[in-house]
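What follows is one structure encoded as C-alpha cells, with my remarks underneath.
Every read-out reported here was derived from the displayed coordinates using simple, explicitly stated rules and does not represent laboratory data. As the structure is a prediction and not an experimental result, all values here were calculated from the model. Cβ coordinates were reconstructed from backbone atoms using ideal geometry, including for glycine residues, and neighbour counts include every protein chain displayed.
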Amino acid sequence: MRYGVAYYPEHKTPEDLEHDLELLISSGINTVRMGEFAWCRMEPREGVYDFDWLEYVVGRLGEAGIRSILCTPTACPPAWLVYRYPEVLYVDNRGENRPFGGRRFYCYNNEVYRKYSARITEEIGKRFGRNPYVYGFQIDNEPAQEASGRCCCPVCREKFRKWLRKKYGTIEEYNRRSGSIFWGQEYESFDQIQIPVNTIETGAVQALPLYYENPSLRLEFERFASESQIEYQNIQEEILHRWSRRPVTTNGTGLATNSIDYYESTRTLDCYGFDYYPGLRDARIDSFPYAFARGIRDGAPFWVMEFMSGGGHKFGGTGRVQPNPGALQQAVVHSLAHGAEMMLHFQFRTFPFGAEQLNYAIVDMDGVPRRRYREMKDTAALLKKLEPLGKAGFENKAAICVDYAVHWALRIKPVNDPDFRYLDYAGRLYRILEEQGCNADVISYGADFSKYRLLILPAAFILEEDKREKFRNFVAEGGILLATFLTSVKNGDNVGYTDILPAGLTGLFGAEVQEVEPILCRNHNQVRLNLDGEEFVSTDGMWCDLLEGSAKALGTYESDYKKGSMIISENAYGKGTACYLGTDLEEEALGALLRYLCRKSGIRRNAVKAGGRLEVTRRILDGEEYYFVFNFTAEDAAAETEVPMYDYLKGCVYEKEIPMKRNGFAVLRRMS
Ligand code: GAL
Ligand code: ZN
C-alpha cells in the first residue's frame, strides 16, 4: 500500500524544508503528494518554467525511498494569467464572477484556460514523466469542489446550447421531449435557451429560490457540466499519458460534491482517486464511500488522495476534534480492508498562513513531531506486515445499484427532503445489509450484474428501458432483486412515464402502484411483515408506494384506509424473484427483510458478527477467507465468531470471542 501525506515544499524556507524532509524520511511513509497549488512557482511568468525546486524535493525523497505523486496545478491559475485573460474566470449561477484570491475560480470550458492548462501539464509531463521517483500524477485538485462545477459564463452558455442542438437536432424535438409547453415555454431556437439560474450544486446559493425552472433542462445542464469537466480533465490526462507510463488520476470528492459522474470521468484514468474526511473521534467510519469507490472500476483498487490527519482549527465553524489515539491507524487499515491501494493524509504540517492557516495536520505548526506523527510512523510499519492482504479479492454476492441521473433528478425535484436523501438511503441499505453479515458492492446501472445473486435498487427514480431490461434479465436468470419506492417513475429526459408505475416493470414485480405520498409525522402507519412465517411489525417511513397485484404480500398495512393493502411484494419471475419495498422500515424489520433475501439468494453470511459499532469485512486470498473487524467505539468490546479464527497479526486463535480494543481492529483468517 502506498501511504503518506500531502506536502507543500513551495511554502518553506530552506531550513524548514530540511527539517520537514528529515521528519518525512524518518517516518517510514513511502509516498508524498505535491504541487497542486503551485502554478505561480512552476511558471512564474508566462512561458518561463521553473521546476528545479520541485525536482530537488522529489529527488531527496526518492533517494530515501519515498515516491512522489505530482499534481497539475490548475486549481489555482497564477495572477499573470488571470489578469491578462479575465475571461477565464468562473461565473456562478447568480452571474457572479469568482475573482482571483481564492481557489477553483476558472472556467473549465474556456479555450484560453484549456490552452494554458495543457501547456503547464505538458511541461510537467516533459520534466517528470520519466523521473524514476515519481509514482504517478494527479490532475488538478478536487474538480467541482467548493461549488466550482457549474460554470455559467457566456462560453458555457454557448457551449450548452450547442450541446443541446447536437443532442436533439431540432428545437421542436427539444420542446417535445422536455415538455416546454408547460408554462408556455416553447422555444423558437436553441439560442433562446438559458442556463437555469437555480442549482443543485452543493454549497451554491440559489439565485431565485421561488423560481421553478424546467426539470428536464436542469438535468441536461447537470449532464453537460459533468461532461465538460471530464473533457477538461481528459485534455490533461491525454498529455500526461503521452509523456509518462505512470498512473494518472485525479482526486474526486467521493460522495460529497457529486457534480461529476465518476463512472464516466474515471474511464480514461488509471484508477479512481478521491478525498475523504470522516470524523475519527468516537465515530464509525462509513465504508459506503469505499464500496462506491471500488465499484467505479468494477472492483479495482482505488486511491485515497486526501484523508483526515488530525483535529484543531478548520476553515470556519466549530473546528475539528482530534482523533482518538489509535483512530488514525484504524482508519488507514479500514481503507485497506475496503480496497484502498493509496492513502495520503491531508496534510503533513500545519500552515501558518493562507486560508487554511492553523488547520489540522500530522505535525503541528511548530514542527515538533507528536502523537499523530508517531501513529503515522507505527502505521507505516504495520502496513508492511499487512501488505500481502492488499491483494485479497472481494467476492461479494450482493450489490447496491446507484446512478447519477437519479441522484441529480432527486435533487432537482426533492422527495420528502430531508427525511429521504437518495445516497443516504443507499448507504443505509448498505450498512443494514452489512449488519446482517452480508458485505455489498456499490455499482452503477451499467455494471456487469452476472456475478451477483442479490441486487438492491434504491429509488430508481429515472430508469430507462435498456436498464429495465438488464434488471428483468437478471431476475429471469435466477437473481433476487429488491427495488424500493420511487422506482421507474421518469424517463431519461426527466419526464414522468405515463404507464402504470413502476413503469415497464409491473410484470417483473407482479405489482402496480396504486397511489403515492410522503410519510410525514402525521400519516405514519404500521406495516406487518411475514417472512417465511416469521412476523415483524414496523412503522413506515419516508415515502409510500401503495401496491396491488398478483405478487405475494411480504408486508401489508395495519390500519386506516390502507389496512390490508400490500406495501412489500414478492414475485417469482423466470428463475428468480423480484421484490418491491413500497416504504422505508425501521432498522430491525429492514434487517429482517434483507436477511430473508440473503437466505433466498443463498448468500453465505460472514462468520464474524457485525452490528452496532463493530464493522466486519470479508476478503478472499488464495481461497481462504479473511475478516477485517473494526471497533469504532471508544471502549473495549468483543466480537463474536461462529468458527475459530486465527489472528493474522497476533498469531493467536479465537474460538468464540475476539477481544477488540478501543478503536482497535483485528485481521483474522477463518480456520474451518
Ligand atoms: C480538500 C482540499 C484540500 C484541503 C482540504 C481540507 O477539500 O482538496 O486542499 O483544502 O479539503 O483541509
Ligand atoms: Zn464557463
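Screening I239 with (1) touching a Ser or Thr at 6+ places or on another chain (Cβ under 9 Å); (2) closer than 25 Å to E122 by Cβ; (3) not in a helix (DSSP H, G or I) gives one miss only, at (3). Looking only at the stretch 94-139, residues that are free of Cβ contacts under 8 Å to residues at least 24 places away in the same chain and either aliphatic (A, V, I, L, M) or over 15 Å from P73 (Cβ atoms) (or both) come to 5 in all. The set of residues in the stretch 279-308 being hydrophobic (A, V, I, L, M, F, W, C), touching a Gly at 6+ places or on another chain (Cβ under 6 Å) and within 16 Å of ligand 1 (Cβ to nearest atom) consists of W303, M305. Of the residues making up the stretch 143-155, those that are surrounded by fewer than 23 Cβ atoms within 10 Å (Cβ to Cβ) and more than 16 Å from ligand 1 (Cβ to nearest atom) number 3.
Selection of the stretch 2-22 for residues being buried (at least 21 other Cβ atoms within 10 Å of the Cβ) and among the hydrophobic types (A, V, I, L, M, F, W, C) yields V5, A6. Restricted to the stretch 77-112, and to residues there that are within 23 Å of Q194 (Cα to Cα) and of a type in the set (F, W, Y), the residue that is farthest from ligand 2 (Cβ to nearest atom) is F105.
Scanning the stretch 377-407 for residues that are touching a residue at least 24 places away in the same chain (Cβ under 8 Å) and among the basic types (K, R) turns up K377, K385, K391, K397. Remark: pairs (first residue in the stretch 2-18, β-branched (V, I, T); second residue surrounded by fewer than 17 Cβ atoms within 10 Å (Cβ to Cβ); Cβ separation under 7 Å; 6+ apart in sequence or on different chains) are absent. For the stretch 62-76, the set of residues classified as surrounded by fewer than 24 Cβ atoms within 10 Å (Cβ to Cβ) and small (G, A, S) consists of G62, A64, G65, A75, listed by residue number. The single residue among P323, P352 that is away from ligand 1 (no atom under 12 Å from the Cβ) and in contact with a Ser or Thr (Cβ under 9 Å, 6 or more places away or on another chain) turns out to be P323.
Within the stretch 408-431, not a single residue is assigned to a strand (DSSP E or B) and either in contact (Cβ under 8 Å) with a residue 40 or more places away in the chain or surrounded by fewer than 19 Cβ atoms within 10 Å (Cβ to Cβ) (or both).
Taken together, the residues in the stretch 619-649 that are surrounded by fewer than 23 Cβ atoms within 10 Å (Cβ to Cβ), of a type in the set (F, W, Y) and assigned to a strand (DSSP E or B) amount to 2.
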